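Engineer: Dumping the structure here so I can ask a few things about it.
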Amino acid sequence: MQLSMRTDYALRAVFTLAEHYGGAPIPIIELARRNDIPKRFLEHIMLDLKERKWVNSVPGKKGGYYLAKHPGRITMGEIVRHFDGYLAPISCVSVTDYKRCSQESVCRFRHVMREARNLVADMMDSSSLEDVLKASPYGTVDTRGLDGEGI
């Protein structure tokens, strides 16, 4: 599974708002700067998030965006599904975007992909913004697996 850039940007913005939940609204220019997101692209994402009632905005000079729901009531799974539509690694195991594959009856790895989908979905659906914020930032990216081999 790979997130689209739109979903990545939406998550960045939502987590910034979750960090400041209950505080002053954050201007879109500041939200874009903090998260390295093109402002014009972020404007569309924020309108989409607002339509879903996850964020709200205050107009004016001291205005900006804020999280409209408590961070414990929004999950990563909801956001990813909203923007990307699915969590499955391949479409023949997707619950929301299933597409039949010509190899389904003889496929040897489909069950592994279905299990991967279930694990990812369970993790994303049980991870609220509040839960994720409790963890420290991941830090330096390590593209090696636990055995030292590349992923």
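Engineer: Once you measure Cβ to Cβ distances between cysteines in the chain, which Cys have no partner under 4.7 Å?
Structural biologist: Those would be C107, since no other cysteine Cβ in the chain comes under 4.7 Å of theirs.
Engineer: So which GluC sites (Glu not before Pro) in segment 32-123 pass both tests, a DSSP loop state and at most 16 other Cβ atoms within 10 Å of the Cβ? Please list the in-between numbers first.
Structural biologist: Numbers: sites: E43, E51, E78, E104, E115; in loops: E104.
Filter output for segment 32-123: E104.
Engineer: Applying 1/(1 + (r/R0)^6) with R0 = 35 Å to the Cβ-Cβ distance of D122 and E43, what FRET efficiency is obtained, to the nearest 0.05?
Structural biologist: The value I calculate is 0.60.
Engineer: Counting Lys +1, Arg +1, Asp -1, Glu -1, what net charge surrounds A88 among other residues with beta carbon under 12 Å of its beta carbon?
Structural biologist: +2
Engineer: Roughly how many nanometres apart are two label points built 7 Å out from the Cα toward the Cβ at S91 and S136?
Structural biologist: 4.3 nm
Engineer: Still on this model: Report the Stokes-Einstein translational diffusion coefficient (µm² s⁻¹, integer) for segment 14-59, Rh taken as the Kirkwood radius over Cα pairs, at 10 °C with viscosity 1.306 mPa s.
Structural biologist: It diffuses with D of about 147 µm²/s by this estimate.
Engineer: Let me ask something additional. In terms of Cα to Cα distance under 18 Å, which lysines are near enough to K69, apart from those fewer than 8 places away along the same chain?
Structural biologist: Within the straight-line cut-off, K69 pairs with K50, K53, K134.
Engineer: Which value, in debye to the nearest 20, gives the size of the charge dipole of segment 1-135 about its Cα centre, when Lys and Arg are +1 and Asp and Glu are -1 at the Cβ? Mind showing how you got there, number by number?
Structural biologist: Working: 21 positive and 16 negative charges, 58 e Å.
In debye, rounded to 20, segment 1-135 gives about 280.
Engineer: Let me ask something additional. Compute the normalised compactness of segment 1-135: alpha-carbon radius of gyration over 2.2 N^0.38 Å, N being the residue count.
Structural biologist: 1.21
Values quoted throughout were computed directly from the atomic coordinates according to the rules given, and no laboratory measurement underlies them. None of the values given here were measured: they were computed from a predicted structure. Cβ: placed from backbone, ideal geometry, glycine included. Neighbour counts: every protein chain shown.
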